[in-house]
1. Hey, can you tell me all the residues within the stretch 21-48 that are closer than 13 Å to VAL92 by Cα and surrounded by fewer than 15 Cβ atoms within 10 Å (Cβ to Cβ)?
2. Based on what the data block shows, is ILE166 at pLDDT 80 or above and of a type in the set (Val, Ile, Thr)?
3. Just give me the residues in the stretch 49-66 being surrounded by 20 or more Cβ atoms within 10 Å (Cβ to Cβ) and either more than 16 Å from VAL125 (Cβ to Cβ) or aromatic (Phe, Trp, Tyr) (or both), in sequence order.
4. So, in the stretch 9-44, how many residues would count as being more than 30 Å from ALA60 (Cβ to Cβ), within 27 Å of the chain's Cα centre (by Cα) and part of a helix (DSSP H, G or I)?
5. Do you know which of the residues in the stretch 133-151 that are hydrophobic (A, V, I, L, M, F, W, C) and modelled with pLDDT of 95 or more is farthest from the chain's Cα centre (by Cα)?
6. ALA91 fails exactly one of the following numbered conditions: (1) farther than 29 Å from ARG138 by Cβ; (2) in contact with a helix residue (DSSP H, G or I) (Cβ under 8 Å, 6 or more places away or on another chain). What is the number of that condition?
7. Restricting attention to the stretch 117-137, which residues are surrounded by fewer than 17 Cβ atoms within 10 Å (Cβ to Cβ) and out of contact with any Lys or Arg (no Cβ under 9 Å at 6 or more places or on another chain)?
8. Does ARG105 satisfy being among the charged types (D, E, K, R), under 16 Å from the mean Cα position of the chain (by Cα) and under 23 Å from SER34 (Cα atoms)?
Amino acid sequence: MDEMAAEAGITKPVLYRYFGDRDGLFAAVADRFSEVLVERLEGALTSAAGDDPETLIRAAIESYVSFIEEDPALYGFLTQQAAPGSQALVAVVERVAGLIARVMRDTFDSLGLDSRPATTWAHGVVGMVHLAGARWARQPDESRAQLVTDLVDLVAHGLTGAAVPIQLQ
């Protein structure tokens with residue numbers, strides 16, 4: 001809070017007066033973060049609308065990972081500083097997963113597939129991309145393009161349908 005107040009050129013009491021406490025500040029940052037992220041995801045998915053499902057998956061994951069890459073410190077603040085079960089972080093996940101579930105349902109319905117698991121799958125995909133992205137933001141040991149490709153392969157093809165054959169013992 002001291003660093004944020006100093007960066008903003010205000011005193012810490014002014015910061016507390018506006019946000020109430022650290023949780024209030026965190027909630028405001030998370031709300032703004034999710035708003036911008038959802039706008040970007042919607043734009044990416046709208047651009048890929050009508051394309052095959054793998055292209056939609058790539059558009060969504062690329063958009064999310066690009067967003068992380070633009071400000072890894074902000075992403076780290078949101079993912080590492082949040083208290084377990086933080087309502088603000090849960091709200092971000094719900095907002096993003098809601099968008100992904102809607103796109104999944106629409107895509108499945110248009111292909112004549114069962115859209116029932118869309119909500120569960122959307123949360124699973126968001127969780128996977130979120131955790132893989134958080135690790136990558138802390139330790140970027142591969143290119144963004146490789147991270148995106150690896151995540152797309154897993155979502156689009158599953159473990160046994162990935163480009164690299166897996167030997168199960």
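1. Hits for the stretch 21-48 are ALA28, ASP31, ARG32, GLU35, VAL36, GLU39.
2. Numbers: at pLDDT 80 or above: no; of a type in the set (Val, Ile, Thr): yes.
No, not satisfied.
3. The one that is surrounded by 20 or more Cβ atoms within 10 Å (Cβ to Cβ) and either more than 16 Å from VAL125 (Cβ to Cβ) or aromatic (Phe, Trp, Tyr) (or both): TYR64.
4. 3
5. Step one: list which residues in the stretch 133-151 are hydrophobic (A, V, I, L, M, F, W, C), which gives 134, 136-137, 145, 147-148, 151.
Filter again for modelled with pLDDT of 95 or more, leaving 145, 147-148, 151.
On the way: ALA145: 16, LEU147: 14, VAL148: 12, LEU151: 12 Å.
Checked the stretch 133-151; the qualifying residue farthest from the chain's Cα centre (by Cα) is ALA145.
6. (1)
7. So in the stretch 117-137, the residues surrounded by fewer than 17 Cβ atoms within 10 Å (Cβ to Cβ) come out as 117, 119-120, 124, 127-128, 131, 135.
PRO117, THR120, GLY124, GLY127, MET128, LEU131, ARG135, listed by residue number.
8. Details: among the charged types (D, E, K, R): yes; under 16 Å from the mean Cα position of the chain (by Cα): no; under 23 Å from SER34 (Cα atoms): yes.
No; evaluated as a whole, the condition is false for this residue.
The values are calculated or read from the model by the stated rules, or taken from the named source; none is laboratory data. Bear in mind that the values here come from a model prediction, so they are computed numbers and not experimental data. Cβ sites come from the backbone with ideal geometry, for glycine too, and all protein chains shown count toward neighbours.
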